[in-house]
1. Across the stretch 175-204, what is the total count of residues that are assigned to a loop (DSSP other than H, G, I, E, B) and touching a Lys or Arg at 6+ places or on another chain (Cβ under 7 Å)?
2. Taking Met1 and the conditions (1) open to solvent by 40 Å² or more (accessible area, probe 1.4 Å); (2) modelled with pLDDT under 95; (3) part of a helix (DSSP H, G or I), which numbered condition does it fall short on, given that it satisfies the others?
3. Quick check on my filter: what residues within the stretch 147-174 are open to solvent by less than 10 Å² (accessible area, probe 1.4 Å), small (Gly, Ala, Ser) and assigned to a loop (DSSP other than H, G, I, E, B)?
4. Which one of these does Lys140 not meet: (1) within 16 Å of the chain's Cα centre (by Cα); (2) part of a helix (DSSP H, G or I); (3) among the basic types (Lys, Arg)?
5. Taking the residues in the stretch 4-20 that are open to solvent by less than 20 Å² (accessible area, probe 1.4 Å) and charged (D, E, K, R) as candidates, determine which candidate is modelled with the lowest pLDDT.
6. Taking Ser141 and the conditions (1) among the hydroxyl-bearing types (Ser, Thr, Tyr); (2) within 17 Å of Phe7 (Cβ to Cβ); (3) open to solvent by less than 40 Å² (accessible area, probe 1.4 Å), which numbered condition does it fall short on, given that it satisfies the others?
7. Which of the helices (runs of 4 or more DSSP H) contained wholly in the stretch 26-136 include at least 2 residues that are in contact (Cβ under 8 Å) with a residue 40 or more places away in the chain, open to solvent by less than 70 Å² (accessible area, probe 1.4 Å) and not charged (D, E, K, R)?
Amino acid sequence: MIKAVIFDMDGLMFDTEKLYDIAWEHAGKQFGYIIKPEDLNPMRGANQMLVQQLFYQKFGPEFDFMKIRKSRIQYMEEYIGIHGLPHKTGLTELLKYLKERRYQIAVATSTHEEPAHRYLSMEGIADYFDVCIYGDMAEKSKPDPEIYIKAVKRLGRQPEECLVLEDSPNGVLAGFQAGCPVVMIPDVIQPGNAEKQRTVKILPTLKEVICCLESQS
């Protein structure tokens, strides 16, 4: 029986993955690099350390990751300051449903605490979460299960009681390896055979998660 639901953030709650693509492309051009969305696919759901390693593998050790990342962050902050963060379909509806029925709610995101908490607060949903595990609280990045193992422990639950909601293959694998049932709501990357085997459901939006939970009660 599911007692808690653990959310990823980028690409799952907020429609930020395409914005990340545009921001990295913009930042790369400033320093003479062409960064394509397919270059970023292996990095989706990963923390800063793994993203940095993957950029070095792609462009070499001369790639000034921190300087280019700073440019990417500046672009995103300016965009979000003007336009806000677009919610994924069904996010608020699902959060309200979970709170009303007294499910525990957690977020486990590779994004560091300062920007992640700011985004959640800015969008008025921070108070829904009983537990928040951020990228700088884990030594290893998704697809390693560490971040979900930490979330499960902080919730005081068993893995099989915690439903993980993810949009990326890295996140799906992390939740699966933590022993949690996983629902994938695909964003930029569509599920392959591996994701189909590692998930209990693949759904088009967060709204359908409600029906998934209703079916178990």
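The values are calculated or read from the model by the stated rules, or taken from the named source; none is laboratory data. Given the structure is predicted, the values throughout are model-derived calculations rather than measurements. Positions of Cβ are backbone-derived with ideal geometry, glycine not excepted, and every protein chain shown enters the neighbour counts. What goes into the accessible areas is simple: the full protein's heavy atoms, side chains included, and nothing from ligands, DNA or RNA. Shrake-Rupley method; radii C 1.70, N 1.55, O 1.52, S 1.80 Å.
1. 2
2. Only one criterion is unmet by Met1, namely (3).
3. Within the stretch 147-174, Ser168 is the sole residue that qualifies.
4. Failing condition for Lys140: (2).
5. Glu17
6. Here Ser141 clears every test but (2).
7. Filter on the stretch 26-136 gives 48-59, 65-83, 91-100, 113-122.
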